[in-house]
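This report refers to the structure that appears directly beneath it.
The values are calculated or read from the model by the stated rules, or taken from the named source; none is laboratory data. Quantities reported herein were computed from a predicted structural model and do not represent experimental measurements. Note that each Cβ is placed from the backbone with ideal geometry, even for glycine, and that neighbours are counted across all protein chains shown. All accessible areas refer to the heavy atoms of the entire protein, side chains included, with ligands and DNA or RNA removed. Shrake-Rupley method; radii C 1.70, N 1.55, O 1.52, S 1.80 Å.
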Amino acid sequence: MNRNLRKTVIAGNWKMNKTPAEAVKLIEELKVVAENKKNCDIIICVPFVDLPAAVEACKGTDIKVGAQNVHFEKSGAFTGEISADMLLELGVNYVIIGHSERRQYFGETDDTVNLRTKAALEAGLTVILCIGELLNEREDGITAEVLSMQTKKALKGLTAEQMKKVIIAYEPVWAIGTGKTATAQQADEACGIVRDTVASIFDKAVADATTIQYGGSMNAKNAAELLSMENVDGGLIGGASLKAPDFGVIIDAAQ
Ligand code: PGA
């Protein structure tokens, strides 16, 4: 019903895969499968060192380039970190924030996710904000509470205007890289909970206009069903985004 109020976004999360030369090779294949697919935005989020090569290789195509993290300070003594301005100067316009692997392995918290989101938006980046429940949280019946809390904490202090540059990716942690996908109904229900939370923070118009993706073992086989759901406005795809034919099938499913 409200699907035409928001953009469908298919984004690849390459994680720690592909050297710059390998990235260019994969992008050459992706260009073919991404050509003339006007009904969705296509983004690839690549490792930091691949960004210049990826931006160059994607020039003149419909593929947009994103990073997988960004620091919240503008500059300073933060060894190993990258600022939003550094990304923008490279021609990067998107960034994933709060991926569960960052939360699990690198101490990312809801508070740092919020700080990074604000810094990225203030600099002019579009954010792909990741949230999602753990397996034990789903089993304990607190998925709705977890999603609502993560959404509220991540979006704290944002304006409705800034929400135009926020994409939310619902990624159940138990489905990431495991081959276990949420059912279409589970994905739709969870994305709906996130949308209701966005409506409670801002209003229905903002919620209706917010792209909410599903992520977690989305692949060429299950994408069409997941993407057919009312509240699923796209996908954040890990493993399957590294294979051009599979990513192509997912892009086609979004048409
Ligand atoms: P996956 O990863 O598709 O390999 O499960 C998704 C993600 O981590 O964004």
remark   = Computed over the Cα atoms of the range 79-171, the Rg and Dmax in Å are 13.7, 45
key: Given K152/K243; K152/K180; K15/K164; K74/K153; K15/K153, the pairs whose alpha carbons are separated by over 30 Å   = K152/K243
inquiry  = Among 179-190, 227-238, how do they line up by average Cβ neighbours within 10 Å per residue, starting with the highest?
reply    = 227-238, 179-190
ask   = What ranking of I43, I176 comes out by heavy-atom accessible area, probe 1.4 Å, highest first?
value = I176, I43
key: Mean separation of Cα contacts under 8 Å, 6 or more apart, over the residue count of the range 96-221: relative contact order %   = 26
message = If packing is taken as the average count of other Cβ atoms within 10 Å, what order do 89-99, 158-168, 31-41 fall into, highest mean first?
response = 89-99, 158-168, 31-41
ask   = Among the aspartates and glutamates, which have Cα under 14 Å from the Cα of K221 when same-chain residues fewer than 8 positions away are ignored?
value = D246, D252
ask   = Mean separation of Cα pairs under 8 Å and 6+ residues apart, divided by the residue count of the range 1-140: what relative contact order is that in percent?
value = 20
Length-normalised contact order for the chain - Cα pairs under 8 Å, 6+ apart - percent = 23
inquiry  = Taking just the alpha-carbon atoms of the range 109-255, what radius of gyration and Dmax come out, in angstrom?
reply    = 14.7, 40
remark   = One computes Rg over Rh for the chain from alpha-carbon atoms, with the Kirkwood Rh, and obtains 0.93
